[in-house]
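Quick one: the structure is below, questions incoming.
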Amino acid sequence: MQALKRFLISELLFTLLIAVIAYLLFNTILVEYYLPVFWVLLGIIALLTGVFHYSVVQIQENKSSKFSQKFMMVTGIKMMIYLVFITSYSFMNPEKATSFLISFFVLYLLYTVFEVFLIVRYLKKK
């Protein structure tokens, strides 16, 4: 549980850093691309990253012989949730879909790199 606590603190700091940078960018350089739903998107990706990491820690602590299988299942579920979210938003707001998808991709990329780095570091310690 100590590892999960450290991860959540790291994720909170990472999310705050992204929020500050996004706020500065959307109020200066990227004013015309600002989407109010960006903050919801940031929250959903941060939440799912935390839940996913918790699942990985639980799978690892249970010493599951099917770690790879369960890891891929959890990843697939997360991807489906993301797919439903981006598809729904894009169909309901086609005029803002491009900005939304670019924002989603950038956040997804940032959180994936962050998550993989911390998961690999956690698994190496185990």
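The values are calculated or read from the model by the stated rules, or taken from the named source; none is laboratory data. For clarity, every value in this text was computed on a predicted model and none was experimentally measured. Cβ coordinates were reconstructed from backbone atoms using ideal geometry, including for glycine residues, and neighbour counts include every protein chain displayed.
Being aliphatic (A, V, I, L, M), touching a Lys or Arg at 6+ places or on another chain (Cβ under 7 Å) and assigned to a helix (DSSP H, G or I) is the filter here, so list the residues in the range 1-55 that pass it. So that I can check it myself, show each step before the final result.
Within the range 1-55, the subset aliphatic (A, V, I, L, M) is 1, 3-4, 8-9, 12-13, 16-22, 24-25, 29-31, 35, 37, 40-42, 44-48, 51.
Going one step further and asking which of them are touching a Lys or Arg at 6+ places or on another chain (Cβ under 7 Å), we end up with 35, 48.
Residue satisfying the conditions is Leu48 alone.
Another question, then. So, in the range 54-107, exactly how many residues are out of contact with any Leu (no Cβ under 9 Å at 6 or more places or on another chain), more than 26 Å from Ile9 (Cβ to Cβ) and of a type in the set (Val, Ile, Thr)?
Residues that pass the stated criteria total 4.
Then there's this: Looking only at the range 12-33, count how many residues are touching a helix residue (DSSP H, G or I) at 6+ places or on another chain (Cβ under 7 Å), under 27 Å from Leu118 (Cα atoms) and of a type outside the set (S, T, N, Q).
The qualifying residues number 4.
Okay, moving on. Just need a number here: residues in the range 90-117 that are part of a helix (DSSP H, G or I) and either within 30 Å of Leu4 (Cβ to Cβ) or among the polar types (S, T, N, Q) (or both). Steps first, please.
In the first step, residues of the range 90-117 are kept if they are part of a helix (DSSP H, G or I); the result is 90-92, 94-117.
Pick out the ones that are also either within 30 Å of Leu4 (Cβ to Cβ) or among the polar types (S, T, N, Q) (or both) and you get 90, 98-99, 103-117.
So the answer is 18.
Also: Step by step: first the residues of the range 87-126, then only those that are of a type in the set (Phe, Trp, Tyr) and farther than 20 Å from Trp39 by Cβ, then the one that is modelled with the lowest pLDDT. Which residue is that? Working first, answer last.
Applying the first criterion (of a type in the set (Phe, Trp, Tyr)) to the range 87-126 yields 89, 91, 100, 104-105, 108, 111, 114, 117, 122.
Keeping just the survivors that are farther than 20 Å from Trp39 by Cβ gives 91, 117, 122.
Numbers: Phe91: 94, Phe117: 89, Tyr122: 76.
Top of the filtered list is Tyr122.
Has the range 57-72 got at least one residue that is outside any helix (DSSP H, G or I), in contact (Cβ under 8 Å) with a residue 24 or more places away in the chain and among the β-branched types (Val, Ile, Thr)? Spell out how you get there, then give the answer.
So in the range 57-72, the residues outside any helix (DSSP H, G or I) come out as 62-66.
From what's left, in contact (Cβ under 8 Å) with a residue 24 or more places away in the chain: none.
The answer is no; no qualifying residue exists.
Could we say that Val120 is part of a helix (DSSP H, G or I), loosely packed, with under 13 Cβ neighbours inside 10 Å and hydrophobic (A, V, I, L, M, F, W, C) here? Outline the logic, then answer.
Details: part of a helix (DSSP H, G or I): yes; loosely packed, with under 13 Cβ neighbours inside 10 Å: yes; hydrophobic (A, V, I, L, M, F, W, C): yes.
Criteria met by Val120.
While we're on this one: Give the residue, chosen from Lys63, Lys96, that is closer than 20 Å to Val120 by Cα and charged (D, E, K, R).
Lys63
Restrict the check to the range 6-20 and report whether at least one residue is free of Cβ contacts under 8 Å to residues at least 24 places away in the same chain, closer than 15 Å to Leu123 by Cβ and loosely packed, with under 12 Cβ neighbours inside 10 Å.
No.
Residues are listed down the side, and each one gets a yes or a no for (1) within 16 Å of Leu47 (Cα to Cα); (2) surrounded by 17 or more Cβ atoms within 10 Å (Cβ to Cβ):
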site: Asn62; (1), (2): no, no
site: Ser65; (1), (2): no, no
site: Met79; (1), (2): yes, no
site: Thr87; (1), (2): no, no
site: Asn93; (1), (2): no, no
site: Ser99; (1), (2): no, yes
site: Leu107; (1), (2): yes, yes
site: Phe114; (1), (2): yes, yes
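So, in the range 94-126, of the ones that are in contact with a Ser or Thr (Cβ under 8 Å, 6 or more places away or on another chain) and free of Cβ contacts under 8 Å to residues at least 40 places away in the same chain, which residue ends up nearest to Leu48 (Cα to Cα)?
As a first pass, look at the range 94-126 and keep what is in contact with a Ser or Thr (Cβ under 8 Å, 6 or more places away or on another chain): 97, 100-101, 111, 114-115, 118.
This time we only want the ones that are free of Cβ contacts under 8 Å to residues at least 40 places away in the same chain, so: 97, 101.
Numbers: Ala97: 21, Leu101: 18 Å.
Across the range 94-126, the extreme among qualifying residues is Leu101.
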